[in-house]
Amino acid sequence: MRFLFLLFTVSTLTAFSQSNYKPGYVILNNKDTIKGLVDTKEWGLTPKSILFKTKEGKKVYYSPKHIQSFHVPGFCKYVTYNGPISKNENEFTKVGATIDTTAKVDTVFLREIVHGEYLSLFDYKDNLKQRFFVKDKFSKIEELLSYKYRHNNSLLSFEAYRERLKTLVSEAGLNNPAFPPAIDNSSYSKASFLKLFMFINGITTNHTEEKREAIEIFFGISANQTTFEFEEVHPLSGSENNSKTYILPGIELGLVFYPSSQIRKLAIRTTFGISKHQFETYKDEELSAGRISRATYELDVLNLAFTPTIQYNIYNGKLVKGFINTGIAINTSLKEKSEFKKKMIKSPVRLEIDQSYYNENYNFPSFWIQFPIECGIQISKVQILARYLQPLGSNIEAKNNNMIKQHTLSGAIRYHL
């Protein structure tokens with residue numbers, strides 16, 4: 001079964017080892033529109049260029065100097081901006097006692113956050129800081145400026161953008177008396193600007209990005225097969241054992257968190273699982289005078305597991321995803337049976353057979369660790385996966401410090417609500 005898991009893993013990685021292309025288009029500087037696929041990433045910083053694949057399969061890198069904008073419907077829209085970009089610091093240890101108005105003219109991409117009839121909101125983020133930009137009704141784009149400075153060992157702010165926004169609102173012919181107080185009460189953050197610009201434009205739903213939840217609940221069922229690895233000094237060590245394995249059911253429930261709810265390239269999962277495990281094995285040892293001793297181990301337990309993992313979607317289509325997943329499984333077992341026996345089964349002396357019985361109950365520690373490795377596919381809300389759990393050391397306590405490790409292979413089907 002380990003071979004089948006390896007085969008499934010290799011097949012999944014081979015099938016899905018490609019970039020995260022999504023349908024989109026670019027608008028060139030001559031205003032021509034080219035449709036194709038955009039290699040969409042979870043950009044922590046504003047991209048300096050993008051990889052675009054045409055319908056003919058040709059790959060082209062575009063920088064802000066080559067195009068006016070690029071758009072991935074339902075995910076993101078970026079426009080090209082050429083103009084001054086502030087270079088002032090915002091950290092307390094790096095700002096001075098006077099306002100730093102240093103700026104640099106550059107050509108960059110800006111991400112559209114709100115597309116409005118009167119004012120539109122954009123942002124640009126590099127290693128220095130995040131900045132916000134506004135486009136007025138005449139399609140002119142400029143930065144919303146915020147400055148930090150120190151005074152009497154305190155960090156103070158000069159929010160120059162507030163007066164500028166009031167001017168732009170007035171120039172757009174918007175005379176709502178509620179706008180100036182709303183601008184004064186805003187802060188220099190995405191959440192605050194999002195609320196403010198939707199209010200100014202009379203927008204109740206922001207359609208720039210498709211709304212996708214950052215947290216989902218899932219549940220599922222699993223099928224599990226357990227085997228054991230015995231240390232060399234143990235009577236059951238080696239590969240010549242006669243083992244019987246069982247494929248038994250389990251149930252799973254958990255949460256998945258997407259750091260980027262739009263792209264969903266990366267996911268953090270927490271899974272609670274309950275599963276049944278059974279295993280039987282024996283080994284015969286030939287002794288002198290035709291005598292045979294048999295060592296036997298039998299397991300029948302209910303396992304509880306809490307498993308936080310990190311999932312990476314190798315292929316990240318909107319409806320189909322191919323993923324790998326790893327983390328740590330913290331287990332505890334409700335023991336029903338974990339018993340080692342040793343008995344003479346053949347001897348010319350009948351009394352030796354009757355009296356050579358040895359029995360030991362093997363105990364599980366309160367908690368024990370495994371490392372899960374998962375891979376699979378997700379189609380819409382249904383996820384199908386294969387999983388191997390590698391033990392961290394011994395998880396069964398036997399006399400004489402014998403090391404016994406539990407290996408688990410399983411498959412699962414999950415449904416995301």
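What to note about this one:
- Filter result for K135 (surrounded by fewer than 17 Cβ atoms within 10 Å (Cβ to Cβ) and either under 28 Å from the mean Cα position of the chain (by Cα) or within 15 Å of L165 (Cα to Cα) (or both)): no
- Among the candidates S237, S275, residue that is modelled with pLDDT under 85, assigned by TED's automatic domain parsing to the domain that holds K346 and either among the aliphatic types (A, V, I, L, M) or under 26 Å from S338 (Cα atoms) (or both): S237
- When L266 is tested against (1) more than 25 Å from K335 (Cβ to Cβ); (2) modelled with pLDDT under 80, just one condition goes unmet, and that condition is (2).
- Applying a threshold of 8 Å to beta carbon distances and a minimum spacing of six or more residues, or different chains, the list of pairs starting in the range 159-176 at a residue that is part of a loop (DSSP other than H, G, I, E, B) and ending at one that is of a type in the set (D, E) reads A172/D136.
- Residue satisfying all of: in the range 29-50; among the small types (G, A, S) and within 18 Å of L110 (Cβ to Cβ); surrounded by the fewest Cβ atoms within 10 Å (Cβ to Cβ) among these: G44
- Residue check for N242: farther than 28 Å from K346 by Cα, among the polar types (S, T, N, Q) and either modelled with pLDDT under 80 or surrounded by fewer than 18 Cβ atoms within 10 Å (Cβ to Cβ) (or both): no
- Checklist (1) surrounded by fewer than 15 Cβ atoms within 10 Å (Cβ to Cβ); (2) in contact with a strand residue (DSSP E or B) (Cβ under 8 Å, 6 or more places away or on another chain); (3) not aromatic (F, W, Y) applied to K276, failing item: (1)
- Listed by position, the strands (runs of 3 or more DSSP E) contained in the range 259-359 that have at least 3 residues being under 30 Å from A214 (Cβ atoms), touching a Phe, Trp or Tyr at 6+ places or on another chain (Cβ under 9 Å) and touching a residue at least 40 places away in the same chain (Cβ under 8 Å) are 266-286, 292-316, 320-327.
- In the range 218-244, the residue that is farthest from the chain's Cα centre (by Cα) out of those that are part of a strand (DSSP E or B) and over 21 Å from E360 (Cα atoms) is Q225.
- With respect to (1) at positive phi; (2) in contact with a Ser or Thr (Cβ under 9 Å, 6 or more places away or on another chain), the lone exception for I67 is condition (1).
- Count of the range 48-74 residues which are touching a strand residue (DSSP E or B) at 6+ places or on another chain (Cβ under 6 Å) and either assigned to a loop (DSSP other than H, G, I, E, B) or of a type in the set (A, V, I, L, M) (or both): 9
- Subset of the range 114-132 [farther than 21 Å from L174 by Cα and either surrounded by 20 or more Cβ atoms within 10 Å (Cβ to Cβ) or not polar (S, T, N, Q) (or both)]: D123, Y124, K125, D126, L128, K129, R131, F132
- The numbered conditions (1) part of a loop (DSSP other than H, G, I, E, B); (2) surrounded by fewer than 17 Cβ atoms within 10 Å (Cβ to Cβ); (3) hydroxyl-bearing (S, T, Y) are all true for S186 except (2).
Residues are listed down the side, and each one gets a yes or a no for (1) of a type outside the set (D, E, K, R); (2) under 30 Å from N303 (Cα atoms):
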{"residue": "P181", "(1), (2)": "yes, no"}
{"residue": "M198", "(1), (2)": "yes, no"}
{"residue": "E213", "(1), (2)": "no, no"}
{"residue": "T227", "(1), (2)": "yes, yes"}
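- Against the numbered list (1) among the acidic types (D, E); (2) free of Cβ contacts under 8 Å to residues at least 12 places away in the same chain; (3) surrounded by 14 or more Cβ atoms within 10 Å (Cβ to Cβ), E232 comes up short only at (3).
The values are calculated or read from the model by the stated rules, or taken from the named source; none is laboratory data. These figures come from a predicted structure and were not determined experimentally. Quick reminder, even Gly has a Cβ in these numbers, built from the backbone with ideal geometry, and neighbours come from all protein chains shown.
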